[in-house]
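Working notes for the structure below.
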Amino acid sequence: GENVEQHPSTLSVQEGDSAVIKCTYSDSASNYFPWYKQELGKGPQLIIDIRSNVGEKKDQRIAVTLNKTAKHFSLHITETQPEDSAVYFCAASRGDGNNRLAFGKGNQVVVIP
Amino acid sequence: EAQVTQNPRYLITVTGKKLTVTCSQNMNHEYMSWYRQDPGLGLRQIYYSMNVEVTDKGDVPEGYKVSRKEKRNFPLILESPSPNQTSLYFCASRWGQGSNQPQHFGDGTRLSIL
């Protein structure tokens, strides 16, 4: 089955700087790659996703890039703010039928004011 | 408001005492799922349901049961809880059966089994 790994496990950045989280996946048939943000005491919430027919997607301060050849994708957060402090999960799936979403173990991002 | 609602949010109980965690969604989603979250292990799927009366095991189903009698509800049942089931549990739902659809998560249930 699909194996998704995230690096680094913890990331501290100064407010205003950029944060980048990288994920690798093992199944070359995966074609859907979402990112979830989990704030303290809350469930994960989808913040952005990308499908394998595009290499980059952007939504305001958040962007995701996908490299299918190398089987990795990254989340980029620019101009970080204290409210960006959270745990971020990447995931991957084939996107069809019964195939489940495989999650990475999560990254703790801390934005230092 | 579209949401996934779990109850209870917190529960402390003892080994062997049956418990049920309820999950309800108001989005008419076909697919529902249960995850547990443990430090260093991320989100691991326990059971999922593609539709009413259709359920299947996830990655860590041992010690758990589920049922899907109605589309909106997907309870998680621990028949004889043990301390290794102490964890943070999340219910999730999504529209359609394809895993390339966004999942909506509840706010979690923290279970402590003594």
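The values are calculated or read from the model by the stated rules, or taken from the named source; none is laboratory data. If you're wondering where the values come from, they're calculated on a predicted model, not measured in any experiment. Using ideal geometry, Cβ is built from the backbone for each residue, glycine included, and neighbour counts are taken over all protein chains shown. Accessible surface is based on the protein model in full, side chains and every heavy atom, while ligands, DNA and RNA are left aside. Shrake-Rupley method; radii C 1.70, N 1.55, O 1.52, S 1.80 Å.
Of the beta bridges in chain B, as assigned by DSSP with both residues counted there, near 90 percent are antiparallel. In the context of the full protein assembly, A:V54 retains an accessible surface of approximately 60 Å², using a probe radius of 1.4 Å and ignoring ligands and nucleic acids. Give, as a single signed number, the net charge of other residues whose beta carbon lies under 12 Å from the beta carbon of B:E62, with Lys and Arg counted +1 and Asp and Glu -1. Summing Lys/Arg as +1 and Asp/Glu as -1 gives +2. In terms of Cα atoms, the Rg and Dmax of the protein assembly as shown work out to 17.5, 50 Å.
Region B:42-105 to region B:1-32: how many Å between their Cα centroids? About 10 Å separates the Cα centre of region B:42-105 from the one of region B:1-32. In summary, the lysines within cross-link reach of A:K71, defined as a Cα separation below 22 angstrom excluding same-chain residues under 8 places away, comprise A:K22, A:K37, A:K57, A:K58, A:K105. Each part gets one Cα centre, and for region A:56-88 versus region A:1-55 those centres are 7 Å apart. Residues A:H76, B:H104, B:H29, A:H7, sorted by accessible area with the largest first, give A:H7, B:H104, A:H76, B:H29 [1.4 Å probe; ligands and nucleic acids excluded]. Figure legend: label point modelled 7 angstrom from the Cα of A:D27 along Cα→Cβ; residues of region B:32-55 with amide N under 19 Å from it are B:32-36, B:42-51, B:55. Each residue was assigned an accessible area with a 1.4 Å probe, and for B:E62 the value is about 140 Å². The length gained on full extension between B:Q3 and B:S82, counted as 0.36 nm times the residue separation minus their Cα-Cα distance, comes to 25.5 nm. Within the shell defined by Cβ-Cβ distances under 13 Å, the residues around B:Q3 carry a net charge of 0, with Lys and Arg each +1 and Asp and Glu each -1.
So if we plug the beta-carbon distance of B:L114 and B:T20 into 1/(1 + (r/R0)^6) with R0 = 22 Å, what FRET efficiency do we get, rounded to 0.05? Before the final figure, lay out the partial values.
Values: r = 18 Å, r/R0 = 0.82.
For B:L114 and B:T20, the calculated efficiency is 0.75.
Counting Cβ atoms of other protein chains within 10 Å of each residue's Cβ and taking the mean over peptide A:80-91 gives 1. For B:K17, a cut-off of 22 angstrom between C-alpha atoms picks up these lysines, skipping any fewer than 8 places away in its own chain: B:K65. In the neighborhood of B:S49, defined by Cβ-to-Cβ distances under 13 Å, what is the net charge if each Lys or Arg adds +1 and each Asp or Glu adds -1? With Lys, Arg at +1 and Asp, Glu at -1, the neighbours total +4. The 1.4 Å probe gives accessible areas that order B:W95, A:W35, largest first, as B:W95, A:W35.
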